[in-house]
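Colleague: Here you go, one structure.
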Amino acid sequence: MAPHDKLRSIFKEMPDKVVSTIINCDCICFDVDSTMLTSEGIDELAKFAGKLEEVKTITRKAMGGTMSFRESLTKRLNIIQPTKSMIADMITNAPPALSPGFKELVKGMRSIGSEVYLVSGGFDCLIVAAAAECGIPADHVIANSILFDVEGNYAGFDKTRFTSETMGKARALQYLKNKHSFSKMIMVGDGMTDSEARPPAVSSESPRALLLLFRIRGVVDTMTS
């Protein structure tokens with residue numbers, strides 16, 4: 001069976017318009033937290049640091065619209081105070097789990113010639129190992145970067161990264177589109193920041209819709225142009 005036909009058979013329960021968009025895109029971008037991975041990276045980092053409840057309080061305020069994404073990110077990281085050694089310990093002892101079937105989906109999208117990127121408001125230090133497991137190189141990961149001083153203590157985060165502020169995913173996709181001349185891009189994720197990436201994405205799909213048969217979490221309704 002040809003790769004395109006195989007993907008059509010996998011997504012046969014989805015609307016034809018959505019399937020057509022998927023198999024004809026030249027770039028597909030995935031969110032990471034609760035999409036590629038089964039958990040939320042900053043929550044897992046906060047749990048590892050023993051600061052989960054404090055961080056959740058800030059997260060709830062951010063979701064209520066009382067502060068910007070960058071402000072909430074700043075406050076949450078200031079609470080956690082992650083260190084290089086903490087990150088290393090977490091990756092070794094409590095690594096994030098891949099969503100079932102994600103590796104297979106990446107392989108399927110590549111088989112039809114689609115480029116696969118990860119675009120996340122999470123942290124690259126918690127993502128690149130899982131990305132590599134799926135065959136996604138580090139230069140195909142767009143995420144935030146935690147900064148450390150010479151002793152490995154927390155020293156802030158890189159504010160030049162696209163996803164360090166509101167509408168960052170839209171800017172990231174526009175950058176990729178301009179750099180690689182992609183004509184049809186899709187953003188896949190479970191949150192409002194993912195739907196904000198359309199445009200330049202022609203479609204923003206929830207994991208529940210796009211990855212129906214791979215049992216990946218997601219509750220946002222499918223949105224197609």
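Colleague: Would you tally the residues in segment 139-178 being closer than 19 Å to ILE87 by Cα and either in a loop (DSSP other than H, G, I, E, B) or out of contact with any strand residue (DSSP E or B) (no Cβ under 7 Å at 6 or more places or on another chain) (or both)?
Modeller: Summing the residues that are closer than 19 Å to ILE87 by Cα and either in a loop (DSSP other than H, G, I, E, B) or out of contact with any strand residue (DSSP E or B) (no Cβ under 7 Å at 6 or more places or on another chain) (or both) in segment 139-178 gives 7.
Colleague: Quick one: SER164 ticks every box in (1) open to solvent by 10 Å² or more (accessible area, probe 1.4 Å); (2) touching a residue at least 24 places away in the same chain (Cβ under 8 Å) bar one, so which box is it?
Modeller: So SER164 meets the others, but not (1).
Colleague: A follow-up question, please. Return the pairs, sorted by first residue and then second, in which the second residue is open to solvent by less than 10 Å² (accessible area, probe 1.4 Å) and among the basic types (Lys, Arg), the first residue lies in segment 118-135 and is free of Cβ contacts under 8 Å to residues at least 40 places away in the same chain and within 19 Å of ILE186 (Cα to Cα), the beta carbons are less than 8 Å apart, and the residues are 6+ apart or on different chains.
Modeller: none
Colleague: Residue by residue through segment 41-82, note down the ones that are under 20 Å from the mean Cα position of the chain (by Cα) and hydrophobic (A, V, I, L, M, F, W, C).
Modeller: ILE42, LEU45, ALA46, VAL55, ALA62, MET63, PHE69, LEU73, LEU77
Colleague: Sticking with this one: For segment 137-152, does any single residue satisfy the condition of being of a type in the set (D, E, K, R), surrounded by fewer than 22 Cβ atoms within 10 Å (Cβ to Cβ) and within 19 Å of GLY41 (Cβ to Cβ)?
Modeller: For segment 137-152, residues of a type in the set (D, E, K, R), surrounded by fewer than 22 Cβ atoms within 10 Å (Cβ to Cβ) and within 19 Å of GLY41 (Cβ to Cβ): absent.
Colleague: Considering only residues that are farther than 20 Å from ARG70 by Cα, open to solvent by 10 Å² or more (accessible area, probe 1.4 Å) and of a type in the set (A, V, I, L, M, F, W, C), which ones fall in segment 114-129?
Modeller: Those that are farther than 20 Å from ARG70 by Cα, open to solvent by 10 Å² or more (accessible area, probe 1.4 Å) and of a type in the set (A, V, I, L, M, F, W, C): VAL128, ALA129.
Colleague: Which ones in segment 1-51 are at pLDDT below 75 and in contact with a Gly (Cβ under 9 Å, 6 or more places away or on another chain)?
Modeller: PRO3, LYS6, LEU7, ILE10
Colleague: Considering only segment 83-113, how many residues are within 17 Å of the chain's Cα centre (by Cα) and crowded, with 20+ Cβ neighbours inside 10 Å?
Modeller: Selection size over segment 83-113: 6.
The values are calculated or read from the model by the stated rules, or taken from the named source; none is laboratory data. The model shown is predicted, which means the values in this text are computed figures rather than measured ones. Positions of Cβ are generated from backbone atoms using ideal geometry, with glycine treated the same way; all protein chains shown enter the neighbour counts. Ligands, DNA and RNA are excluded from the accessible area calculation, which covers all protein heavy atoms including side chains. Shrake-Rupley method; radii C 1.70, N 1.55, O 1.52, S 1.80 Å.
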